[in-house]
Amino acid sequence: MWVYQEIRTLGDIPRYHARERPDATALISEGRRIDFRELDLLSNQVANALLAMTEATGSRVGYLGKNTWRVPVALFGAAKAGLTFMPLNWRLAPAEITTIVHDSDCRIIFADEELLGMLEPIRAQADLKVKIVALPAIDTGPSDWSRFLAGHADTDACLDVATSVTALQVYTSGTSGLPKGVELAHESFNYIRLCEHLDPGVPWSAQDIFLMFMPNFHTAGTGLMLQSLYNGSAVSMLQAFDAALVLQTIRETRPSITLIVPSALQLLLEHPEAKNVDFTCFRLCMYAGSPIALPLIKLAMQQMRCKFVQWYGATETLGATTFLRAEQHRLDDEKKLKSCGTPLPLIDIRIVDGTGAQLPAGQVGEILVRSPAMFKGYWRKPAETAAAKVNGWYHTGDAGYCDDEGFLYIHDRIKDMIVSGGENVYSAEVERVLHQHPAVADVAVIGVPDPKWGEGVKALVILRAGSNATGDELIAFCRTLIGGYKVPKSVEFRDDFPRTASGKIQKGPLRAPYWQGSTRAVG
């Protein structure tokens, strides 16, 4: 579905469906069902409350919380007010959240009550004038949320919001270890819907129920939530992934579409209750975030008996750029199952060498993407934006190749990045933290095979002379400064590292012993 005349900004999504199918269920969350009429009215009220905050003019609207019905209500409210919605990663450390708030000029944050402790450093800094609105776990009486909305009408302010306005700002870490705000405009969402509309690979209808447990601070979470609501289907929201709760929700709401990362899929299918669950409600299961093992996709196809689609993309491309479509998931063609598929309509993939020259089929180089749904740039980072977007092509930092039929295969990563449980962890960020420990003389962080998460974060450390610091001590130190998923799962001590002639650590030789015999190359 693509209704460009009616839906041009994200705020138009609830407006359109409130007119066309007001009584249809939009959200299933926390034991509550919200139809499109109520979603439209609630987001109007949020928009009017935000517009009454003069200090919020032109700023970012932060959201620190797990998945509940308030996420789309706040997002659509911000969109209707012409503001930018900024979901914050609740898995980060408080210091990281503070850095992002400083960088973004955020003036208001909606935050789950259970996560308010993460914002204490922000409350303590006089120069950070941020209004924090606590979101109650249970609506049983007056709260920050109800007081924020009190007195504001649920009529539509009808602002004329340009499609070039940044609708979503999502922070990712970079190779420097410092966060970058990826700006995604309303028009980018229009174009990605068009690309999907022109491709039969993921048909979506108003009768579908999308099961959402991917976090809202990922475009795989919020992006697919928006895709579902754009198409008029319901979103069944879980706060986060929990295998037992997912299985229970499948029984109760009978969802038809979901997206899951391979590590979570394995946990789901290996759960003792999985054998007692009827998966036939699903017609489509998408997976992304990291490679999938052949035994796992075979097990999933046998147990779930639905169509599977893999996709490859990035925050900067607003999600999927290629699909390995359902008809291409053939268990007798193991090679194709290792592929990410072929591009969506209007999206181009190019493989280039270090000089930018296009490479022929079968040769490995950097993957470049050209898409009408491309990000605007990195917030206040023109140099990084110019390096990432060159002549309309996004430099992914991933290495891969295309075969003679145009199927894309991920071979390696040019960026020094680890994918653990579908989360991106940049080695430089972890190294920067470990270098702050007084016992650490030098450090190299690498990804190593992990049966549960795909890759585990491992720190190789050279201690200063006379130090007797332990691995547990260094891991505990990291936990105070970065999110838990970035913290090394193990630490090994070394006397020296292999280096280039210029003295740079060579990570290839450090990784090689751990990946020997693996089916996936990480160089």
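The values are calculated or read from the model by the stated rules, or taken from the named source; none is laboratory data. A quick note: this is a predicted structure, and the numbers were derived from the prediction, not measured. Heads up, the Cβs are rebuilt from the backbone with ideal geometry, glycines too, and the neighbour counts pull from every protein chain shown. We work out accessible area using only protein heavy atoms, side chains counted, and drop any ligands, DNA or RNA first. Shrake-Rupley method; radii C 1.70, N 1.55, O 1.52, S 1.80 Å.
Summary table
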{"quantity": "Residues that are in a strand (DSSP E or B) and either open to solvent by 10 Å² or more (accessible area, probe 1.4 Å) or out of contact with any Gly (no Cβ under 7 Å at 6 or more places or on another chain) (or both), drawn from the stretch 324-350", "calculated": "341, 342, 343, 348, 349, 350"}
{"quantity": "Subset of the stretch 243-265 that is polar (S, T, N, Q) and touching a helix residue (DSSP H, G or I) at 6+ places or on another chain (Cβ under 9 Å) - its residue that is nearest to residue 281 (Cα to Cα)", "calculated": "258"}
{"quantity": "Meets criteria (in contact (Cβ under 8 Å) with a residue 24 or more places away in the chain, among the aliphatic types (A, V, I, L, M), open to solvent by 60 Å² or more (accessible area, probe 1.4 Å) and over 19 Å from residue 334 (Cβ atoms)) for residue 238", "calculated": "no"}
{"quantity": "Qualifying position, being open to solvent by 10 Å² or more (accessible area, probe 1.4 Å) and more than 28 Å from residue 96 (Cα to Cα), among 449, 509", "calculated": "509"}
{"quantity": "All helices (runs of 4 or more DSSP H) inside the stretch 42-160 with 3 or more residues being farther than 24 Å from residue 486 by Cα and without any contact (Cβ under 8 Å) to a residue 24 or more places away in the chain", "calculated": "144-149"}
{"quantity": "The stretch 269-291, subset touching a strand residue (DSSP E or B) at 6+ places or on another chain (Cβ under 9 Å) and open to solvent by 30 Å² or more (accessible area, probe 1.4 Å), residue modelled with the lowest pLDDT", "calculated": "291"}
{"quantity": "Given (1) in a helix (DSSP H, G or I); (2) more than 23 Å from the chain's Cα centre (by Cα); (3) not β-branched (Val, Ile, Thr), number of the condition residue 33 does not satisfy", "calculated": "(1)"}
{"quantity": "Search result, residues across the stretch 197-214 that are surrounded by 21 or more Cβ atoms within 10 Å (Cβ to Cβ) and at pLDDT below 95", "calculated": "201, 204, 214"}
{"quantity": "Among (1) in contact with a Leu (Cβ under 7 Å, 6 or more places away or on another chain); (2) in a strand (DSSP E or B), the one test that residue 462 misses", "calculated": "(1)"}
{"quantity": "Filter result (touching a Lys or Arg at 6+ places or on another chain (Cβ under 9 Å) and open to solvent by less than 20 Å² (accessible area, probe 1.4 Å)) within the stretch 427-446", "calculated": "427, 429, 430, 433, 439, 440, 444, 445, 446"}
{"quantity": "Within the stretch 240-270, considering residues that are assigned to a helix (DSSP H, G or I) and acidic (Asp, Glu), the one farthest from residue 311 (Cα to Cα)", "calculated": "252"}
{"quantity": "In the stretch 294-331, the residues that are among the polar types (S, T, N, Q), within 22 Å of residue 276 (Cβ to Cβ) and out of contact with any helix residue (DSSP H, G or I) (no Cβ under 9 Å at 6 or more places or on another chain)", "calculated": "302"}
{"quantity": "Residue in the stretch 367-394 that is farthest from residue 312 (Cα to Cα), counting only those that are in a strand (DSSP E or B) and open to solvent by 40 Å² or more (accessible area, probe 1.4 Å)", "calculated": "390"}
{"quantity": "Test result for residue 318, among the aliphatic types (A, V, I, L, M), buried (at least 17 other Cβ atoms within 10 Å of the Cβ), touching a Leu at 6+ places or on another chain (Cβ under 9 Å) and more than 26 Å from residue 171 (Cα to Cα)", "calculated": "no"}
{"quantity": "The stretch 304-326 residues that are of a type in the set (Asp, Glu), paired with ones that are open to solvent by 20 Å² or more (accessible area, probe 1.4 Å) and not in a helix (DSSP H, G or I) (beta carbon under 9 Å, 6 or more apart)", "calculated": "316/172; 316/374; 316/389"}
{"quantity": "Checking residue 354 against (1) surrounded by fewer than 22 Cβ atoms within 10 Å (Cβ to Cβ); (2) assigned to a helix (DSSP H, G or I), the condition it does not meet", "calculated": "(2)"}
{"quantity": "Meets criteria (within 23 Å of residue 513 (Cβ to Cβ) and either of a type in the set (Asp, Glu) or in a loop (DSSP other than H, G, I, E, B) (or both)) for residue 452", "calculated": "yes"}
{"quantity": "Extreme residue, modelled with the lowest pLDDT, among residues of the stretch 415-443 that are under 28 Å from residue 217 (Cβ atoms) and over 20 Å from the mean Cα position of the chain (by Cα)", "calculated": "432"}
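Residue-wise test of (1) under 21 Å from residue 179 (Cβ atoms); (2) within 25 Å of the chain's Cα centre (by Cα); (3) surrounded by fewer than 19 Cβ atoms within 10 Å (Cβ to Cβ); (4) not small (Gly, Ala, Ser).
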position: 26; (1), (2), (3), (4): no, yes, no, no
position: 50; (1), (2), (3), (4): no, no, no, yes
position: 73; (1), (2), (3), (4): no, yes, no, yes
position: 111; (1), (2), (3), (4): yes, yes, no, no
position: 117; (1), (2), (3), (4): yes, yes, yes, no
